[in-house]
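Asks: Let me begin by handing over the structure; questions about it come next.
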Amino acid sequence: MYQEKLDAFPSSFLWGAASAAYQIEGAYDTDGKGPSIWDEFTKIEGKTFEGTNGDVAIDHYNRYKEDVKLMADMGLKAYRFSVSWARILPDGEGRVNEEGLAFYENLVDELNKYGIEPVLTLYHWDLPLALQEKYNGWESRETISAFKEYCKVLYERLGEKVRYWVTFNEQNVFTSMGYRWATHPPNVTDTKRMFEANHIINLANAEAIVLFKEMVPNGKIGPSFGYGPVYPLTADPSDVLAAENAHEFSNSWWLDVYCKGRYPVAVFKQLERKGIAPTVTSEDKALLKKAKPDFLGINYYHGGTVKQNKIEKPAQENEQDKKFSSTDPYLMQPKEEQSQSPEIPMYQSLDNPYLEKTEWGWEIDPVGFRLALRQVYARYDLPIFVTENGLGAKDVLTEEGEINDDYRIDYLNQHVVEMKKAITDGVEMIGYCAWSFTDLLSWLNGYKKRYGFVFVNRTEQDEKDLKRIPKKSYFWYKDVIEQNGENIK
Ligand code: BG6
């Protein structure tokens with residue numbers, strides 16, 4: 001849809017930036033924090049880039065005041081961060097660690113002091129190790145009770161101070177990486193177990209929302225989902241059907257549960273045929289129906305392109321048939337053919353011939369961002385908070401001490417323009433959190449792949465001085481915020 005003039009961003013629009021506890025905090029065993037599954041996983045040889053881990057990360061735990069000051073100087077309106085569950089409950093349940101709680105309370109107070117809206121994510125992947133060891137983590141319903149206990153502590157302590165809450169970050173990503181591809185903890189390769197664990201997490205998400213409505217009536221809560229639109233390679237109706245299959249499998253499989261309280265039927269039946277559908281009781285169904293998010297958090301990096309399954313139409317060997325790598329979290333696709341692969345009868349993934357890629361092979365697709373916002377809003381009728389979007393790149397610190405990341409400015413600008421078009425289309429939006437505020441530890445790519453507005457002076461092996469240096473994009477975003485996006489064209 002062509003629009004001659006774009007609507008302005010709402011005056012309340014939250015221009016923000018995001019992070020996650022394990023990727024920034026460090027202080028992995030300080031002040032009574034318990035270990036998480038990531039503390040353990042990163043110590044397994046060969047699992048992360050050059051063996052990087054979050055023991056120190058960017059030391060945000062000790063430098064949060066300096067980081068928040070940089071946010072304030074930029075004029076940031078919102079900051080999304082996650083809480084490390086094992087700081088609050090070192091054993092995942094039971095004893096509360098006051099010092100851990102105090103850290104987040106201080107952080108929130110510091111943000112509020114500068115008028116920066118805190119956006120608190122309850123779970124960004126760092127499950128307390130004790131729960132993994134005791135109950136098998138998300139494969140057990142005991143973990144739901146532990147999660148409720150943890151939520152209750154935070155709702156009680158921070159419910160008055162934090163308005164926006166995110167339940168789970170990218171459930172689609174951490175379940176597939178953790179239980180199917182063994183590239184995240186708990187290091188499992190079993191599709192059946194993945195779907196069972198995913199269902200348990202759906203229940204935990206629902207419980208957290210129901211409890212929130214009782215305890216924090218003035219707050220807003222929703223999950224953050226890694227969404228990507230799916231394109232058919234051609235107008236061949238079989239390819240269009242394949243795209244619908246892929247969409248239901250990669251997006252609706254989660255979003256329908258969050259918003260409609262039920263699984264999409266065609267995918268569920270497909271999993272049943274494969275013998276890998278999750279076990280869903282009638283009590284589960286009632287709970288899922290009861291929990292309604294207030295908004296949807298959308299993390300957008302890219303979508304995917306598919307064509308008809310290769311059973312009905314075997315693939316021809318050409319460049320287009322390159323398979324997605326298993327580390328591409330946004331479109332589940334078998335790296336090697338697994339007997340349990342539910343995708344094989346539904347679709348096959350390809351590169352999109354119209355899109356360029358980042359250095360890490362992620363397609364760059366700003367129009368897909370507008371499409372994503374439109375699709376999600378049309379289907380679920382909830383306000384959208386973009387909780388992540390950004391470019392991972394190799395940044396260079398010049399001899400003059402500058403980082404001239406014009407490529408990031410260009411990337412973000414293109415995406416913000418498309419978001420403005422989506423707003424002009426009528427999509428109701430709360431805000432936009434770029435990923436990320438400072439540079440941080442990429443789960444699998446160390447410090448080579450950077451996303452921040454603020455450079456952090458360290459490498460994989462050398463912690464250096466961890467100095468914070470605002471990049472060129474920092475000043476660009478400052479300007480965008482100041483003008484409430486008026487300069488975005
Ligand atoms: C999202 C995660 O999947 O993508 C973030 O929520 C992550 O935690 C980001 O860092 C970028 O991923 P990567 O692999 O490029 O660091």
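The values are calculated or read from the model by the stated rules, or taken from the named source; none is laboratory data. Since the model is a prediction, treat every value here as computed from it, not as a measurement. In this analysis, Cβ positions are derived from the backbone assuming ideal geometry, glycine residues included, and neighbour counts consider all displayed protein chains. For the accessible areas, the whole protein counts, side chains as well, though only heavy atoms, and no ligand, DNA or RNA atoms are used. Shrake-Rupley method; radii C 1.70, N 1.55, O 1.52, S 1.80 Å.
Asks: What's the Cα-based Rg to Rh of the stretch 32-79, Rh via Kirkwood?
Replies: Values: Rg = 14.9 Å, Rh = 13.1 Å.
When Rh is taken as the Kirkwood radius, the ratio is 1.14.
Asks: Now a separate question. How would you order 407-418, 201-212 from highest to lowest mean count of nearby Cβ atoms within 10 Å? Working shown, then result.
Replies: Details: 407-418: 20.2, 201-212: 22.5.
Final packing ranking: 201-212, 407-418.
Asks: Here's something else I'd like to know. Tell me the carbon and sulfur percent of the accessible area for the stretch 50-203, rounded to whole percent, probe radius 1.4 Å. Mind showing how you got there, number by number?
Replies: On the way: 1990 of 4620 Å².
About 43 percent, which is the carbon plus sulfur part of the accessible surface.
Asks: Sort Lys47, Lys33, Lys313, Lys471 by accessible area with a 1.4 Å probe, largest first.
Replies: Details: Lys47 60, Lys33 30, Lys313 100, Lys471 0 Å².
I get Lys313, Lys47, Lys33, Lys471, largest accessible area first.
Asks: Using a 1.4 Å probe, how large is the accessible area of Glu283, given in Å² and rounded to the nearest 10?
Replies: Accessible area, nearest 10 Å²: 130 Å².
Asks: Report, to two decimal places, the Cα Rg of the stretch 93-252 normalised by 2.2 N^0.38 Å (N = number of residues). Mind showing how you got there, number by number?
Replies: Working: Rg = 18.3 Å, N = 160, 2.2 N^0.38 = 15.1 Å.
With N residues counted in the stretch 93-252, Rg over 2.2 N^0.38 Å equals 1.21.
Asks: Which loop-located trypsin sites (Lys or Arg not before Pro) does the stretch 240-300 contain, where loop means any DSSP state but H, G, I, E or B and the Cβ has at most 13 other Cβ atoms within 10 Å?
Replies: Arg262
Asks: At a probe size of 1.4 Å, how large is the accessible area of Asp91, to the nearest 10 Å²?
Replies: Accessible area, nearest 10 Å²: 80 Å².
Asks: Using a 1.4 angstrom probe with every protein chain in place, what is the largest-first accessible-area order of Arg95, Arg458?
Replies: On the way: Arg95 135, Arg458 15 Å².
Solvent-accessible surface, decreasing: Arg95, Arg458.
Asks: Put Leu444, Leu296 in order of accessible area, largest first, 1.4 Å probe: what do you get? Present the calculation step by step, with values, prior to reporting the outcome.
Replies: Values: Leu444 35, Leu296 0 Å².
If we order Leu444, Leu296 from most to least accessible, we get Leu444, Leu296.
Asks: Excluding ligands and nucleic acids, what accessible area in Å² is computed for Lys152 using a 1.4 Å probe, to the nearest 10?
Replies: Only protein atoms counted, so the area is about 100 Å².
Asks: Counting pairwise Cα distances across the stretch 332-483, what percent come out greater than 22 angstrom?
Replies: On the way: 6085 of 11476 pairs.
Pairs farther apart than 22 Å: 53 percent.
Asks: Shifting gears a bit: Counting only DSSP beta bridges with both residues in the chain, tell me the antiparallel percent, nearest 5. Before the final figure, lay out each step's value.
Replies: Working: 10 of 45 bridges.
Antiparallel bridges make up about 20 percent of those DSSP assigns within the chain.
Asks: If the cut-off is a Cα-Cα distance under 16 Å, which aspartates and glutamates reach Lys274, setting aside same-chain residues fewer than 8 apart in sequence?
Replies: Asp190, Glu196, Glu337, Glu343
Asks: May I pose another question? Quick one, what does Rg over Rh come out to for the chain if you take C-alpha atoms and the Kirkwood Rh?
Replies: Rg divided by Rh gives 0.94.
Asks: Can you show me the helix-derived [θ] at 222 nm for the chain, built from DSSP H runs with n ≥ 4 at -39,500 (n - 2.57) apiece and divided by the number of residues, rounded to the nearest 500. Can you show the working numbers first?
Replies: Details: 16 runs with 186 residues, N = 489.
Computed mean residue ellipticity for the chain: -11500 deg cm²/dmol.
Asks: Cut-off under 13 Å on the C-alpha distance; same-chain residues fewer than 8 positions from Lys420 excluded. Which aspartates and glutamates are left, in chain and number order?
Replies: Candidates past the 8-residue exclusion: Glu4, Asp7, Glu428, Glu486.
Asks: If you wrap the stretch 375-430's Cα atoms in a convex hull and average its projection over all directions, what's the area in nm²? Walk me through the numbers before you get to the answer.
Replies: On the way: hull surface 19.3 nm².
Hull-based average projected area comes out at 4.8 nm².
Asks: While we're looking at this one, here's another question. Could you sort out which of Lys449/Lys489; Lys69/Lys467; Lys77/Lys161; Lys161/Lys260; Lys77/Lys467 sit more than 25 Å apart by Cα distance in this structure? Can you show the working numbers first?
Replies: Numbers: Lys449/Lys489 28 Å; Lys69/Lys467 14 Å; Lys77/Lys161 15 Å; Lys161/Lys260 29 Å; Lys77/Lys467 23 Å.
From Lys449/Lys489; Lys69/Lys467; Lys77/Lys161; Lys161/Lys260; Lys77/Lys467, over 25 Å: Lys449/Lys489; Lys161/Lys260.
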